[in-house]
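Read through the structure below, which is laid out as structure tokens, and then see the notes.
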Amino acid sequence: MHVKRHIILSSLLLLFFPANAQQETGHNFDVAKNMEIFTSLYRDLDMLYVDTIDAGEAVGYGIKAMLYSLDPYTVYYPEEDVKSLHQMITGKYAGIGSLIRENLKDGCCIIDQPYRGMPAQEAGLRKGDRIISIDDSTMLSKPSDYVSNHLRGDAGSTFKLVIFRPSENKELQYNITRRSIQLPAIPYYGMLNDTIGYVNLEQFTEDCAKEMRSAILDLKTKGMRRLVFDLRDNGGGSVSEAVAILNMFLPNGLSVLKMRGKTERANNEYFTTAEPIDTIMPIVVMVDGNTASASEITAGVLQDLDRAVILGEQTFGKGLVQTTIDIPYNGQLKLTTSKYYIPSGRCLQAIDYSKRTGGVAEHTPDSLAHVFYTAGGRAVKEKGGIKPDIEIKGDTLTNLAYYLVNARDSSEVVLAYVCDYIEAHPSIAPPAEFALTDDDYAELSRRVLASNFKYDRQTEKYLGQLKDLARFEGYYDDAKDEFDALEAKLTHDTERDLEINKDLIMQLVGRDIVAAYYYDEGAIEYSLRFDNQLRRAVEVISSEEYDNVLSPVDTNTDTDDNTTSAGQ
């Protein structure tokens with residue numbers, strides 16, 4: 001009997017290996033065949049096409065199309081773009097340390113926000129300064145990326161910058177020396193009250209864990225016993241920095257992350273390797289739709305180990321890991337090599353790029369997502385990012401506020417008002433106290449109305465569509481009086497809309513003003529006063545609700561077919 005089983009098993013293995021080898025041979029043949037086709041095709045184009053072909057441009061398009069068919073994170077960087085890749089990874093560049101923006105009204109770029117302690121701020125550049133020329137090369141009518149590239153250069157290099165300052169009605173010249181710029185990963189942290197600390201981590205760049213450790217220790221000396229950890233709008237970055245931050249709140253020796261790829265080299269497992277700062281302090285992690293990659297790892301691990309309550313909106317859903325490899329002629333390829341899995345065993349990747357319908361990659365339906373369990377037995381799902389333990393929508397802009405503050409042609413009115421306000425006020429109250437007055441808002445409203453400001457009213461657009469549909473279906477004539485009455489109520493009235501949106505617009509413009517005096521940290525501190533998600537986080541972490549959310553549950557109940565045990 002045993003001999004018979006052995007013969008059957010051996011036969012199956014003999015059948016399997018040739019088939020596997022044949023599959024591999026077929027794949028290698030397809031690769032060789034298509035490479036030969038591509039080379040032959042390009043050679044014929046280069047020899048016979050009626051016009052001369054730019055090799056870099058033509059092949060570059062081919063490479064981009066090939067990589068686009070895989071996923072948006074696999075990107076080729078030719079030699080001239082490698083610096084931008086390194087800047088993205090490290091968060092470092094050499095320049096003047098200031099945001100700039102295009103000003104359509106004046107046909108130039110302007111200084112928007114110098115960073116504290118950077119060359120732009122130290123030289124005396126101000127918000128609203130118009131950039132005229134750099135080293136005698138005109139910057140007028142140039143797009144912001146063109147101007148930005150000219151402001152950047154090698155650290156230690158000096159250039160001549162000419163600006164026009166509207167408030168003084170004159171041109172000013174500066175000789176500015178570029179420096180290596182690395183913005184702080186934590187633009188703001190502080191105490192929300194006597195016991196609750198707050199940390200805003202903006203990016204997982206090099207050494208951000210050191211910044212985080214310093215912030216946590218400082219807050220502890222100020223009495224922090226609870227922490228609100230803000231990862232909203234954090235697009236991720238270094239995985240090793242994320243693990244180092246997790247180590248501050250988790251015991252030494254825990255497995256917190258596994259990576260699995262096609263090759264052994266792509267596989268990895270990350271453990272906490274140091275003594276933590278605090279393993280029991282209550283933590284609420286705030287997330288949103290822009291929380292991605294390393295920030296999702298951080299929030300997901302804390303959720304899986306029941307170490308924190310996650311609050312906010314569903315995260316982005318990036319569970320893919322990239323590695324950079326060198327390419328001939330000094331290029332680099334950022335290549336997706338593996339997927340990551342957090343302690344429950346789930347992967348957070350939302351889109352399956354291997355499955356496409358009509359060229360569009362598919363989202364995994366929630367109904368097909370497997371169920372996993374946290375350390376305490378709470379059910380969590382894979383795919384689609386992290387679903388918060390407590391879901392609360394973030395604050396949104398009304399239509400008028402969006403167009404007034406963000407639309408390039410209309411936001412110039414706000415910019416001019418802010419610059420004039422700054423010129424008229426050498427100092428303002430601290431961020432925790434500053435507020436525009438009713439008179440300030442009346443002046444802003446007057447300027448907006450005088451500019452003949454227009455914006456896209458969604459109600460008018462949809463009413464027009466409804467009227468067209470009513471005409472098509474033959475109902476319009478009978479309902480014309482009702483349509484006319486509704487249209488009268490929805491007539492564009494900017495003055496009325498400015499009054500309805502007064503509080504929101506005052507907050508947005510106030511933040512812009514505060515940033516000019518107190519920089520990023522001041523703008524964040526100011527905005528937290530109006531943050532509904534933060535207000536909810538403070539409620540949760542200050543009450544029994546926190547413990548109730550993290551309470552262990554009984555997993556000895558029937559589950560659906562998609563249930564998966566942790567670690568599988």
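Restricting attention to segment 166-184, which residues are over 24 Å from Cys419 (Cα atoms) and part of a strand (DSSP E or B)?
Passing the criteria: Thr177, Arg179, Ser180, Ile181, Gln182.
Looking at (1) more than 30 Å from Val514 (Cα to Cα); (2) open to solvent by less than 40 Å² (accessible area, probe 1.4 Å); (3) assigned to a loop (DSSP other than H, G, I, E, B), find the lone condition where Thr52 falls short.
(2)
Quick one: which residue in Thr195, Thr205, Thr158 is in contact with a Ser or Thr (Cβ under 7 Å, 6 or more places away or on another chain) and either under 23 Å from Ile422 (Cβ atoms) or at pLDDT 95 or above (or both)?
It is Thr158.
Residues in segment 250-268: is at least one at positive phi and at pLDDT 95 or above?
Looking through segment 250-268, at least one residue is at positive phi and at pLDDT 95 or above.
So that you can scan it fast, the table gives a plain yes or no per residue for (1) surrounded by 15 or more Cβ atoms within 10 Å (Cβ to Cβ); (2) over 30 Å from Glu539 (Cβ atoms); (3) of a type in the set (Phe, Trp, Tyr):
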| position | (1), (2), (3) |
| --- | --- |
| Val285 | yes, no, no |
| Ile297 | yes, no, no |
| Pro328 | no, yes, no |
| Leu335 | yes, yes, no |
| Gly345 | yes, yes, no |
| Val360 | no, yes, no |
| Thr374 | yes, no, no |
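When residues of segment 291-309 are filtered for being within 17 Å of Gln533 (Cβ to Cβ) and either more than 21 Å from the chain's Cα centre (by Cα) or β-branched (Val, Ile, Thr) (or both), how many remain?
Qualifying residue count for the region: 3.
Look through segment 91-105, keep the residues that are open to solvent by 30 Å² or more (accessible area, probe 1.4 Å) and in contact (Cβ under 8 Å) with a residue 60 or more places away in the chain, and return whichever of them is nearest to the chain's Cα centre (by Cα).
Lys92
So which residues in segment 106-131 are over 26 Å from the mean Cα position of the chain (by Cα) and free of Cβ contacts under 8 Å to residues at least 24 places away in the same chain?
Passing the criteria: only Glu122.
Six or more apart or on different chains, Cβ under 6 Å: which pairs go from a residue in segment 234-258 that's over 18 Å from Ile386 (Cα atoms) and in contact (Cβ under 8 Å) with a residue 60 or more places away in the chain to one that's crowded, with 19+ Cβ neighbours inside 10 Å and hydrophobic (A, V, I, L, M, F, W, C)? Could you list them?
Correct list of pairs: Ser238/Phe204.
Out of Gly522, Gly510, which single residue is over 18 Å from Leu192 (Cβ atoms) and in a helix (DSSP H, G or I)?
Gly510
Checking the condition in contact with a Phe, Trp or Tyr (Cβ under 6 Å, 6 or more places away or on another chain) and buried (at least 16 other Cβ atoms within 10 Å of the Cβ), which residue from Asp71, Asp112 passes?
From the options Asp71, Asp112, the qualifying one is Asp71.
Check Tyr270 against each of (1) out of contact with any strand residue (DSSP E or B) (no Cβ under 7 Å at 6 or more places or on another chain); (2) farther than 13 Å from Phe229 by Cβ; (3) in contact (Cβ under 8 Å) with a residue 24 or more places away in the chain and name the one condition it does not meet.
(1)
Take the residues in segment 115-142 that are touching a Cys at 6+ places or on another chain (Cβ under 9 Å), aliphatic (A, V, I, L, M) and open to solvent by 30 Å² or more (accessible area, probe 1.4 Å), then tell me which one is nearest to Glu168 (Cα to Cα).
Ile132
For segment 60-165, give me every one of the helices (runs of 4 or more DSSP H) that falls completely inside it and has 2 or more residues that are under 30 Å from Asp326 (Cβ atoms).
It comes to 82-90, 144-151.
Any chance you could count how many residues in segment 424-451 are outside any helix (DSSP H, G or I) and either under 15 Å from Val514 (Cβ atoms) or open to solvent by 60 Å² or more (accessible area, probe 1.4 Å) (or both)?
Total meeting the criteria: 13.
List every residue pair whose Cβ atoms lie under 6 Å apart, where the two residues are 6 or more positions apart in sequence or sit on different chains, the first residue falls within segment 381-403 and is free of Cβ contacts under 8 Å to residues at least 60 places away in the same chain, and the second residue, located anywhere, is assigned to a strand (DSSP E or B).
Within 6 Å, the pairs are Lys381/Val371.
Given the criteria open to solvent by 40 Å² or more (accessible area, probe 1.4 Å), at pLDDT 80 or above and under 24 Å from Arg165 (Cβ atoms), does Ala515 qualify?
It is false that Ala515 is open to solvent by 40 Å² or more (accessible area, probe 1.4 Å), at pLDDT 80 or above and under 24 Å from Arg165 (Cβ atoms).
Of the conditions (1) modelled with pLDDT of 95 or more; (2) assigned to a helix (DSSP H, G or I); (3) of a type in the set (Val, Ile, Thr), Val405 fails just one. Which one is it?
Every listed condition holds for Val405 apart from (1).
Suppose we keep only residues that are within 16 Å of the chain's Cα centre (by Cα) and in a loop (DSSP other than H, G, I, E, B) within segment 185-220. Which one would you say is farthest from Met281 (Cα to Cα)?
Residue satisfying both the conditions and the ranking: Thr205.
The values are calculated or read from the model by the stated rules, or taken from the named source; none is laboratory data. On a predicted model such as this, the values are computed, not experimentally measured, just so you know. Counting neighbours? That spans all protein chains shown, and the Cβs are built from the backbone with ideal geometry, glycine included. When the accessible area is computed, the model is the full protein with side chains, heavy atoms only, and any ligands, DNA or RNA have been set aside. Shrake-Rupley method; radii C 1.70, N 1.55, O 1.52, S 1.80 Å.
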